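**Student:** First the structure, which I've put down as structure tokens, then a few questions once you've had a look.
The values are calculated or read from the model by the stated rules, or taken from the named source; none is laboratory data. Every value quoted in this text rests on a predicted model; they were computed, and no experiment measured them. Every residue, glycine among them, receives a Cβ derived from its backbone with ideal geometry; neighbour counts consider all protein chains shown.
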Amino acid sequence: MAELNATGASLLGFLHDGPRTGWDLLRAVEHNLGHFWNVTSSHVYRELKALEARGYIEAGPRQARERRPYSITQEGRVAFTEWLSQEPGLETMRIPLLVTLWFGAHLDPALLRRFLDSHRAINERRLAYYRSVPAEMLAENPYLAAVVGFGIDYERAVLNWMDGLDDTLPGLES
């Protein structure tokens, strides 16, 4: 059995709920996993081809705009279960703002302030998004609740960290 990557496995996970087109899957990934898993449309369509070639999904007839719904096969369910049963890999932090901040001594403080303010706004929006998940959804799905709880804690931690930068970095006073 060919080894699944996390992107392919996540697509199989979403297909457990029923057939979806590549477009629907891309939207599901962006809306649900997009805050902590980077997937582009080219990733989705490349993985769909690979999953179909392995027999993990089947494409249905073409619909409007040439969209095809994909369904998970029994082999796909087995592969997903095997993938999900493996120890997850370690997380990798890829935060471009930290790279910029690493070299912040070489940057005009006003420009760095602008970058930080821009990122703060993004983190505040993400925090609001996580907080907006309906309580009923969280009560019905403790796994979703765990992920949303992580998102809230993470965004609060980043915002708290940002709050302290004005006192520690020269020239950042608001």
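**Student:** Limited to segment 114-150, what total is found for residues that are outside any helix (DSSP H, G or I) and either closer than 18 Å to residue 160 by Cβ or in contact with a helix residue (DSSP H, G or I) (Cβ under 9 Å, 6 or more places away or on another chain) (or both)? Walk me through how you get there before you give the answer.
**Tutor:** From segment 114-150, those outside any helix (DSSP H, G or I) are 132-134, 141; that's our starting set.
Next cut, either closer than 18 Å to residue 160 by Cβ or in contact with a helix residue (DSSP H, G or I) (Cβ under 9 Å, 6 or more places away or on another chain) (or both) only: 133.
The number of residues fulfilling the criteria is 1.
**Student:** Among the residues of segment 126-172, write down those that are under 15 Å from the mean Cα position of the chain (by Cα) and among the basic types (Lys, Arg).
**Tutor:** 126 - this is the single residue of segment 126-172 that is under 15 Å from the mean Cα position of the chain (by Cα) and among the basic types (Lys, Arg).
**Student:** A follow-up question, please. Out of all the residues in segment 100-109, which are under 31 Å from the mean Cα position of the chain (by Cα) and surrounded by fewer than 10 Cβ atoms within 10 Å (Cβ to Cβ)?
**Tutor:** Those that are under 31 Å from the mean Cα position of the chain (by Cα) and surrounded by fewer than 10 Cβ atoms within 10 Å (Cβ to Cβ): 102, 103.
**Student:** Give the residues of segment 79-93 that are in contact (Cβ under 8 Å) with a residue 12 or more places away in the chain and either among the charged types (D, E, K, R) or farther than 21 Å from residue 29 by Cβ (or both), sorted by residue number.
**Tutor:** Scanning segment 79-93 gives a single hit, 82.
**Student:** What is the number of the single condition among (1) within 24 Å of residue 148 (Cα to Cα); (2) acidic (Asp, Glu); (3) in a loop (DSSP other than H, G, I, E, B) that residue 3 does not meet?
**Tutor:** Answer for residue 3: the failing condition is (1).
**Student:** Which one of these does residue 53 not meet: (1) surrounded by 12 or more Cβ atoms within 10 Å (Cβ to Cβ); (2) without any contact (Cβ under 8 Å) to a residue 60 or more places away in the chain?
**Tutor:** All conditions pass for residue 53, except number (1).
**Student:** Take the residues in segment 75-99 that are more than 17 Å from residue 14 (Cβ to Cβ) and of a type in the set (S, T, N, Q), then tell me which one is surrounded by the fewest Cβ atoms within 10 Å (Cβ to Cβ).
**Tutor:** Per the stated criteria, the residue is 92.
**Student:** State all residues of segment 31-49 that are at pLDDT 90 or above and crowded, with 16+ Cβ neighbours inside 10 Å; if no residue qualifies, say none.
**Tutor:** Those that are at pLDDT 90 or above and crowded, with 16+ Cβ neighbours inside 10 Å: 43, 44, 47, 48.
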